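What follows is a set of notes on a single structure, which appears directly below.
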Amino acid sequence: MSHNWKLFIASLGILSFTACAAAEGEDRGAVIEQEWPDITEQAEGTEVRLYMWGGDEAINNYIDNWVTPRAEEKYGLELSRVPMDAPEVLQRLQTQRQAGQSDGSADVIWINGENFRNAKERDLLAGPFTHRLPNMENYIDEDSLDYQVDFGTPVEGFEAPWGKVQFVFKYDRNYIDSPPSTLEELAEWIEENPGRFTYPEATDFTGNAFLRHLLYAGYNEPEELLHSEPGDEAAESAAGEMTDYLNRIKPSLWREGQTYPASLTDLDRLYQRGEVWMTMGYNEARVTNKIEDGTFPESTDTFVLDSGSLGNAHFLAIPYNAPNTAGAMVLINDLLSPEAQLEKMNPDGWGENTVLDLSKLSDDERQAFENTDRGDAVLDAGILDDAYLPEPDAGFVPWLEEIWFEQVVTP
């Protein structure tokens, strides 16, 4: 099914945005176009600051305990992880650009979706740069539409793929014998088990994704959403069905829908304490680590609905005013290495799926990926592939936020 989606997306007309290199980025452009040995030499002995969401300890541990010492040992890089949500990073960059600040503080930012679109449109990124990364050429299928388009925005070399994930629901088998398979069954289960389900507010990445699943269901065929735009007749109709659904389940939600978890971290905490019996989110294998570290009960399992499961890639980009472009490129390139991607896939840690094209790996490397046991609670690849839904245009994210506040929260 995912192959058909790729063919469908390829048929869509994609508008190209203007290049993001700013006048003060001309020197960074020169750095990008150097020969790779010169870039690695320039990077040696420098500090690289990676700005990224810090809400998951498994992800933080991967960076702090595996990537950081490796960067020091292999490249002489001093890596500093700076916890900061992408919207806040972009706000800082926007303020710096307006003030004419040509040297910022962030070298690499973790980004995708609406945040990438905003950064690209506002000329906040250096690049394009991915054509200069050896591991991009050696191990990534650059023709894959998963990496050419980010929530409807052409990538055009301004960000490098770092990982890909798919949305799943998690549930506790101690309380749920058989999970719902449709949205209607989910609503009925919520009504039959008042207070045991909720979702993060729509400003949260995961909460908004839950809304996008409902939006998809409002179209006769899923691919119609990819033709649609926020506010058009089809979108308004689908959004009406979405808000009807949300208002239907609202009285039966945790705390009767009078308040919502501010983030996925907060929802996971409710699930951990047994206040709710389901949680949700991207990264189909995240559940394995959460069980092993005791955050989730051992009785946790996962499911997707028959109506489909959103999947997307996330990326790494370089700000327009990065103080260490060479170091940023060396770090990003190494994060695309088979060694780094295999460690990231380790279910004892992050557990996330790889962006590498396994056909480009050596036999031993490919076997290592294929032999990775992602855990009993992780759905089979075939089930996830059949359920796969591509992300709609990033413009739907703020549009759904507004509708949710006006028609679900406020009434």
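The values are calculated or read from the model by the stated rules, or taken from the named source; none is laboratory data. Quantities reported herein were computed from a predicted structural model and do not represent experimental measurements. Neighbour counts run over all protein chains shown; Cβ positions are idealised from the backbone, glycine included.
Which residue is farthest from Val168 (Cα to Cα), if the candidates are limited to region 305-323 and must be among the hydroxyl-bearing types (Ser, Thr, Tyr) and assigned to a loop (DSSP other than H, G, I, E, B)?
Result: Tyr320.
Against the condition touching a residue at least 40 places away in the same chain (Cβ under 8 Å), farther than 20 Å from Thr203 by Cα, crowded, with 24+ Cβ neighbours inside 10 Å and among the acidic types (Asp, Glu), how does Asp123 come out, does it pass? Outline the logic, then answer.
Details: touching a residue at least 40 places away in the same chain (Cβ under 8 Å): yes; farther than 20 Å from Thr203 by Cα: yes; crowded, with 24+ Cβ neighbours inside 10 Å: no; among the acidic types (Asp, Glu): yes.
No; evaluated as a whole, the condition is false for this residue.
Being in a helix (DSSP H, G or I), of a type in the set (Asp, Glu) and either at pLDDT below 95 or touching a His at 6+ places or on another chain (Cβ under 7 Å) (or both) is the filter here; which residues of region 23-42 pass it?
Within region 23-42, the subset in a helix (DSSP H, G or I) is 23-32, 36-42.
Those left that are additionally of a type in the set (Asp, Glu): 24, 26-27, 38, 41.
Those that are in a helix (DSSP H, G or I), of a type in the set (Asp, Glu) and either at pLDDT below 95 or touching a His at 6+ places or on another chain (Cβ under 7 Å) (or both): Glu24, Glu26, Asp27.
What's the total number of residues in region 150-163 that are surrounded by 20 or more Cβ atoms within 10 Å (Cβ to Cβ) and part of a strand (DSSP E or B)?
The total comes to 6.
Return yes when Ala394 is buried (at least 16 other Cβ atoms within 10 Å of the Cβ), assigned by TED's automatic domain parsing to the domain that holds Pro222 and touching a strand residue (DSSP E or B) at 6+ places or on another chain (Cβ under 9 Å) and no when it is not. Don't jump to the end; show me each part of the working.
Values: buried (at least 16 other Cβ atoms within 10 Å of the Cβ): yes; assigned by TED's automatic domain parsing to the domain that holds Pro222: yes; touching a strand residue (DSSP E or B) at 6+ places or on another chain (Cβ under 9 Å): yes.
So Ala394 fits the description; yes.
For region 371-386, which residues satisfy the criterion of being among the acidic types (Asp, Glu) and closer than 17 Å to Val165 by Cα?
We begin by selecting, within region 371-386, every residue among the acidic types (Asp, Glu); these are 373, 376, 380, 385-386.
Those that are among the acidic types (Asp, Glu) and closer than 17 Å to Val165 by Cα: Asp373, Asp380, Asp385, Asp386.
Can you pull out the residues in region 75-113 that are of a type in the set (S, T, N, Q), within 19 Å of the chain's Cα centre (by Cα) and within 30 Å of Pro37 (Cβ to Cβ)?
Matches in region 75-113: none.
Criterion first (modelled with pLDDT of 95 or more, surrounded by 19 or more Cβ atoms within 10 Å (Cβ to Cβ) and either in the same structural domain as Asp357 (by TED's automatic domain parsing) or within 24 Å of Ala394 (Cα to Cα) (or both)) does Lys74 satisfy it?
Details: modelled with pLDDT of 95 or more: yes; surrounded by 19 or more Cβ atoms within 10 Å (Cβ to Cβ): no; either in the same structural domain as Asp357 (by TED's automatic domain parsing) or within 24 Å of Ala394 (Cα to Cα) (or both): yes.
No, not satisfied.
What number of residues in region 106-127 are assigned to a loop (DSSP other than H, G, I, E, B), under 25 Å from Val67 (Cα atoms) and modelled with pLDDT of 95 or more? Quick ask: steps written out before the conclusion?
Quick first cut of region 106-127, residues assigned to a loop (DSSP other than H, G, I, E, B) only: 106-107, 112, 122-124, 126-127.
Applying the additional criterion that residues be under 25 Å from Val67 (Cα atoms) yields 106-107, 112, 126-127.
Next, only the ones that are modelled with pLDDT of 95 or more stay: 106-107, 126.
So the answer is 3.
Within region 168-196, take every residue that is among the acidic types (Asp, Glu) and touching a residue at least 60 places away in the same chain (Cβ under 8 Å) and give me the one that is surrounded by the most Cβ atoms within 10 Å (Cβ to Cβ). Break it down stepwise before answering.
Of all residues in region 168-196, those among the acidic types (Asp, Glu) come to 172, 177, 184-185, 188, 191-192.
Still in the running and touching a residue at least 60 places away in the same chain (Cβ under 8 Å): 172, 191.
On the way: Asp172: 19, Glu191: 13.
If we take residues in region 168-196 being among the acidic types (Asp, Glu) and touching a residue at least 60 places away in the same chain (Cβ under 8 Å), then Asp172 is surrounded by the most Cβ atoms within 10 Å (Cβ to Cβ).
Please go through region 255-269 and pick out each residue that is touching a residue at least 40 places away in the same chain (Cβ under 8 Å) and surrounded by 20 or more Cβ atoms within 10 Å (Cβ to Cβ). Don't jump to the end; show me each part of the working.
Let us first name the residues in region 255-269 that are touching a residue at least 40 places away in the same chain (Cβ under 8 Å), namely 255-257, 260-267.
Hits for region 255-269 are Tyr260, Pro261, Leu264, Leu267.
Test Ser144 against the stated conditions and say whether it is out of contact with any Leu (no Cβ under 8 Å at 6 or more places or on another chain) and of a type in the set (S, T, N, Q). Write out each step before concluding.
Working: out of contact with any Leu (no Cβ under 8 Å at 6 or more places or on another chain): yes; of a type in the set (S, T, N, Q): yes.
So Ser144 fits the description; yes.
If you take the residues of region 353-376 that are modelled with pLDDT of 90 or more and either touching a strand residue (DSSP E or B) at 6+ places or on another chain (Cβ under 6 Å) or small (Gly, Ala, Ser) (or both), which of them is nearest to Glu114 (Cα to Cα)?
The residue in question is Val355.
From Ser80, Ser102, which residue is over 14 Å from Met329 (Cα atoms), assigned by TED's automatic domain parsing to the domain that holds Glu343, surrounded by fewer than 19 Cβ atoms within 10 Å (Cβ to Cβ) and modelled with pLDDT under 95?
Values: Ser80 fails: modelled with pLDDT under 95.
That would be Ser102, the only listed residue that is over 14 Å from Met329 (Cα atoms), assigned by TED's automatic domain parsing to the domain that holds Glu343, surrounded by fewer than 19 Cβ atoms within 10 Å (Cβ to Cβ) and modelled with pLDDT under 95.
I'm trying to understand the selection: among the residues of region 330-342, which are acidic (Asp, Glu) and either outside any helix (DSSP H, G or I) or in contact with a Leu (Cβ under 9 Å, 6 or more places away or on another chain) (or both)? Outline the logic, then answer.
So the first thing to find is which residues in region 330-342 are acidic (Asp, Glu), and the list is 334, 339.
Hit for region 330-342 is Asp334, nothing else.
Scan region 197-218 and tell me whether some residue there is buried (at least 21 other Cβ atoms within 10 Å of the Cβ), more than 17 Å from Val397 (Cα to Cα), of a type outside the set (Asp, Glu) and at pLDDT 95 or above.
Checking region 197-218: at least one residue is buried (at least 21 other Cβ atoms within 10 Å of the Cβ), more than 17 Å from Val397 (Cα to Cα), of a type outside the set (Asp, Glu) and at pLDDT 95 or above.
Rundown of residues vs (1) assigned to a helix (DSSP H, G or I); (2) more than 27 Å from Ala381 (Cβ to Cβ); (3) without any contact (Cβ under 8 Å) to a residue 60 or more places away in the chain; (4) among the aromatic types (Phe, Trp, Tyr), yes/no style:
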| residue | (1), (2), (3), (4) |
| --- | --- |
| Phe296 | no, no, no, yes |
| Ala328 | yes, yes, no, no |
| Lys344 | yes, no, no, no |
| Leu356 | no, no, no, no |
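Working carefully through the options Leu400, Leu389, find the one that is under 27 Å from Arg248 (Cβ atoms) and touching a strand residue (DSSP E or B) at 6+ places or on another chain (Cβ under 9 Å).
Details: Leu400 fails: touching a strand residue (DSSP E or B) at 6+ places or on another chain (Cβ under 9 Å).
Result: Leu389 is the single residue among Leu400, Leu389 that is under 27 Å from Arg248 (Cβ atoms) and touching a strand residue (DSSP E or B) at 6+ places or on another chain (Cβ under 9 Å).
Do we have Tyr51 as modelled with pLDDT of 95 or more, in the same structural domain as Asn135 (by TED's automatic domain parsing), more than 26 Å from Ser102 (Cα to Cα) and among the aromatic types (Phe, Trp, Tyr) here? Reasoning before the result, please.
On the way: modelled with pLDDT of 95 or more: yes; in the same structural domain as Asn135 (by TED's automatic domain parsing): yes; more than 26 Å from Ser102 (Cα to Cα): no; among the aromatic types (Phe, Trp, Tyr): yes.
Against the criterion (modelled with pLDDT of 95 or more, in the same structural domain as Asn135 (by TED's automatic domain parsing), more than 26 Å from Ser102 (Cα to Cα) and among the aromatic types (Phe, Trp, Tyr)), Tyr51 does not qualify.
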